[in-house]
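For reference, the structure discussed in these notes is given below.
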Amino acid sequence: MGLLVRNGRIVTATEDRLADIHAEGETITRIEASIDPRELPSDTEVVDADGMYVFPGFIDPHVHVHLPFMGTNAIDDHDSASRAALVGGTTTILEMICPGPEEEPLEAFNTWKGLADAGCCCDYSFHQSVVRFDDLAMGQLRELVAEHGVQSFKVFLAYKGALDIGDTELFQLMLLARELGVVLTAHCENAEAIDQMQRLLVASGRTGPEFHEPSRPRDVEADGVNHLCLFAQLTGASVYIVHTSCGAALERALAARGRGVDVTVESVIPHLVLDRSFAERPDFEGARFVMSPPLRDSIEHDTLWGAIRDREIATIGTDHAPFDFATQKQMGRDDFTRIPNGIPSIQERVDLVHTFGVCEQRIDLQTMVDACSTQAAKRFNLYPRKGDIVVGSDADLVVYDPAFRGTFTAAESLSRIDYCGYEGMPRKGRSHVVTLRGRVVARDGAYVGEAGSGNYLHRKTAPEWTPSGSG
Ligand code: URP
Ligand code: ZN
Ligand code: ZN
């Protein structure tokens, strides 16, 4: 069965034009000013996109689904998270594999991939977190890159005693990443400094969620960025800084870029829309908004949006990490250091960027597409199969209704989470129809695809990759 999307305004990172799109099977085969449906096989699905934007499927470069973390596990599974992603216009996710220090990397990869293979409705790939550094682990990392399509590693300069790594390991891993041509993604803070700050605050009775931000202030994050970038400078590794929350951290990354370091910067939607006052809500309500790095002062929003507009920040992800308020967040009721860190956003990201970025005239539509799709595809070797609308690309399309008006609410969420971090905020725009490799999978907030229809994206280094349909 084919697909025809008619009369839409195609908006990519580089183009904005009225045209029709035809897909045969999973792949875009024609993009023309007008394609007559009568020329096409009678079973072609025709989507009328009159008055709508047609975007390439959005890519979330930073997602947690299976996440054993802080004594619990994130509440979504791949079925619920990917349905939520798809109705929100995200057709590809890059999930963090986060094993414990005892686990072998290959074993962890097989666990995460097995779960996603069984349940993921959208397409997916992984960043491999590295927390174990013996010869066996290093050998397995090489194998994951050579044979299993892994093209990015992840390190945490945070979460002391759980996920953090030492400088010797960081340096060695960067050398390996450089040798393998792999991007090193990094959570940049300072695990030791945070641990000490947390001890001081808790010992003095400051145990509520409002003390999460003071335990890891902006300069701690900036220090982590600086540290990572110094090591990248010394080793020649390519680095990608996840969830950058503030101007101080961004400045360090841009300074390193000025010195020739290959550094890409990601922001995530909670840091662009929410501020620290949410985490300061009384009666433990603020726990819903505890994530790391923490929500900052609202003045940072302008800095981050401005950097997205200027393409200094390349990508907007979510850092979707859902922990129920009624149960899991309560683990930290008497001690904020025990509140599972994370805010859910996988379904809301695209509409939030449209509402608070495009409609507020902070960024234009093409920057939205670039930041929410194309740059992630390019940085993580999925382009042009993903991240663009060109002949030969996967037919992942988002027919987007910019005139839709509503509010964000947990009642419409397909995630398992029991709250929405953006509850009651105005929502301008909605994905009307979403296609994944030529099939309609979501309509107006409802998932209409099959269960488990996502594919694993086995990534290769850019020069070796050939787009499907190009021979
Ligand atoms: O608070 C967060 N970000 N939770 C998920 C784990 C991480 O650091 O990405
Ligand atoms: Zn992180
Ligand atoms: Zn994360």
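Structure summary
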quantity	calculated
Amide proton proximity set for MET52, modelled H, under 5 Å, gap of 5+	ARG9
FRET E, pair ARG259, GLU285, Förster distance 51 Å, beta-carbon r, rounded to 0.05	0.75
Structure-based [θ]222 nm, the chain - -39500 (n - 2.57) summed over DSSP H runs of at least 4, per residue, nearest 500	-8000 deg cm²/dmol
Computed label-point distance, nm, for sites ARG38 and ASP297 using a 7 Å Cα→Cβ extension	6.6 nm
Per-residue SASA entry for ARG83, accessible area with 1.4 Å probe, Å² rounded to 10	70 Å²
Probe 1.4 Å - accessible area at TRP112, Å² to nearest ten	0 Å²
Calculated from backbone phi, Karplus (6.51, -1.76, 1.60) coupling profile of the range 318-335 in Hz, x at Gly/Pro	10, 6, 3, 8, x, 10, 4, 6, 5, 10, 5, 5, 5, 4, x, 4, 9, 6
Whole-Å semi-axes of the ellipsoid equivalent to the range 14-162 (Cα gyration tensor, √5λ, descending)	39, 17, 14
Cut-off under 5 Å, modelled amide H: who pairs with ARG430 long-range	ASP401, PHE404
For PHE69, distant residues with modelled amide H under 5 Å away	ALA74
Set LYS329/LYS428; LYS113/LYS154; LYS160/LYS378; LYS160/LYS329; LYS154/LYS460 screened for pairs whose C-alpha atoms are more than 23 Å apart	LYS329/LYS428; LYS160/LYS378
Alpha carbon Rg of the range 57-379, scaled by the compact-globule rule 2.2 N^0.38 Å	0.92
Probe 1.4 Å, all protein chains present, accessible-area order of THR111, THR92, THR168, largest first	THR168, THR111, THR92
Backbone HN-Hα couplings from phi across the range 397-412 [Karplus 6.51/-1.76/1.60, Hz, Gly and Pro as x]	10, 10, 8, 10, 9, x, 8, 4, 10, x, 9, 7, 7, 4, 4, 9
Hz values of 3J(HN,Hα) by residue in the range 355-369 - Karplus curve (6.51, -1.76, 1.60), Gly and Pro given as x	5, 9, x, 6, 5, 8, 6, 8, 9, 9, 4, 5, 5, 4, 5
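The values are calculated or read from the model by the stated rules, or taken from the named source; none is laboratory data. Not measured: the values here are computed from a predicted model. Neighbour counts are summed over all protein chains in view; Cβ atoms, including those assigned to glycine, are modelled from backbone coordinates with ideal geometry. When the accessible area is computed, the model is the full protein with side chains, heavy atoms only, and any ligands, DNA or RNA have been set aside. Shrake-Rupley method; radii C 1.70, N 1.55, O 1.52, S 1.80 Å.
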